[in-house]
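Below: the structure, in C-alpha cells.
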C-alpha cells in the first residue's frame, strides 16, 4: 500500500470496533496498543487483536506499539512479527535509529512518529533507517515536549517548521509522503479540512485520524480542486500543442518540465 491519505486509529482495548474501523473507508487502520489503551489492558489488547485476526484472516491492520522505553514494547513487536494480518508497525516516540532497527526485527515496514525534540534532532538517521517506509508527525506530543502554547501563532510557526523538516528528510531519504498528526476536534470538519489542505501544501500525503467521520473529510480535502484540474488539463493540452517543446508560455507564464509534471500528477490523482 503506497497511497495513504487517512490512517484511522482504533483502540486495541475495544475489539468490538475493529470491524467498524476497517469498514470506515480509511486507507489504513491502526490498532493502537499505546496511548488509547489503559496500562492494565496492554496485554489484553494483543489478545483482542490476535483473536480478531484469527477470525478475520483477510483483515490487514497496522499496529501502534508501545513506546521503546515501555515494558510491553518487546512483546508488542514479537506479536507483530507473528501475525500475518499486521501490515506494519507505527513506532511512537522515536528518538534514534537504534529504536528503528529494533522495530525492524518484526519484519514489517515501520512508520516512525516524530513527536519530541530528540526525534526532530535525529531526523536524518531515523529517516534513513532500514525498513522505514514513511514518517509521521506527532504535533500534539511535540508541542507538549517543547512546552508550546498551542493556541499561539508562535507555536503554529514552530510546528510548521518541524513539519517542513519531516517532509524535507522524507524526500531526502526517498520515503513515501509523510502523515500529519491527528486533528483532535472531531466535530470540527471545517477546521480539519483547513488543516489537511495546509499539510498537503507542505508536502504531506495524509494524516492520522481518531474518528471514522474524519476519514471522508480528509479524503475530500486532499482531492484536487476543480480549478486545479482545469489548470492541469490546459497545461497538458498546451504541451501537446507545443509538440515536445522544452518550455513554452501559457497565460503569460512559463511552463517547463517541473510544471508539466505537476499537472500530470494532478490529473493522475497523485497528491504525493
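Just so you know, all these numbers are worked out from the coordinates, no wet-lab data involved. Here the structure is a predicted model, which is why all the values come from computation and not from measurement. Positions of Cβ are backbone-derived with ideal geometry, glycine not excepted, and every protein chain shown enters the neighbour counts.
Data for the structure
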quantity	calculated
Per-region count, the stretch 106-121, residues over 22 Å from residue 3 (Cβ atoms), in a loop (DSSP other than H, G, I, E, B) and either touching a residue at least 40 places away in the same chain (Cβ under 8 Å) or touching a strand residue (DSSP E or B) at 6+ places or on another chain (Cβ under 9 Å) (or both)	2
Exclusive hit being within 30 Å of residue 250 (Cβ to Cβ), touching a residue at least 40 places away in the same chain (Cβ under 8 Å), surrounded by fewer than 18 Cβ atoms within 10 Å (Cβ to Cβ) and within 16 Å of the chain's Cα centre (by Cα), set 140, 202, 222	202
Number of positions in the stretch 45-80 that are loosely packed, with under 14 Cβ neighbours inside 10 Å and farther than 13 Å from residue 102 by Cβ	7
Tally of residues being more than 23 Å from residue 35 (Cβ to Cβ) and assigned to a loop (DSSP other than H, G, I, E, B) across the stretch 141-158	1
Complete set of residues in the stretch 225-272 that are under 30 Å from residue 23 (Cα atoms) and surrounded by 17 or more Cβ atoms within 10 Å (Cβ to Cβ)	266, 271, 272
Enumeration of residues in the stretch 159-186 that are without any contact (Cβ under 8 Å) to a residue 40 or more places away in the chain, surrounded by fewer than 21 Cβ atoms within 10 Å (Cβ to Cβ) and assigned to a loop (DSSP other than H, G, I, E, B)	174, 185, 186
Residue check for residue 189: in contact with a helix residue (DSSP H, G or I) (Cβ under 6 Å, 6 or more places away or on another chain), in contact (Cβ under 8 Å) with a residue 24 or more places away in the chain and farther than 30 Å from residue 9 by Cα	no
Residue within the stretch 89-99 that is under 17 Å from the mean Cα position of the chain (by Cα), surrounded by fewer than 24 Cβ atoms within 10 Å (Cβ to Cβ) and either under 20 Å from residue 168 (Cβ atoms) or in contact (Cβ under 8 Å) with a residue 12 or more places away in the chain (or both) present	yes
Of all residues in the stretch 24-44 being over 23 Å from the mean Cα position of the chain (by Cα) and touching a residue at least 24 places away in the same chain (Cβ under 8 Å), the one that is surrounded by the fewest Cβ atoms within 10 Å (Cβ to Cβ)	38
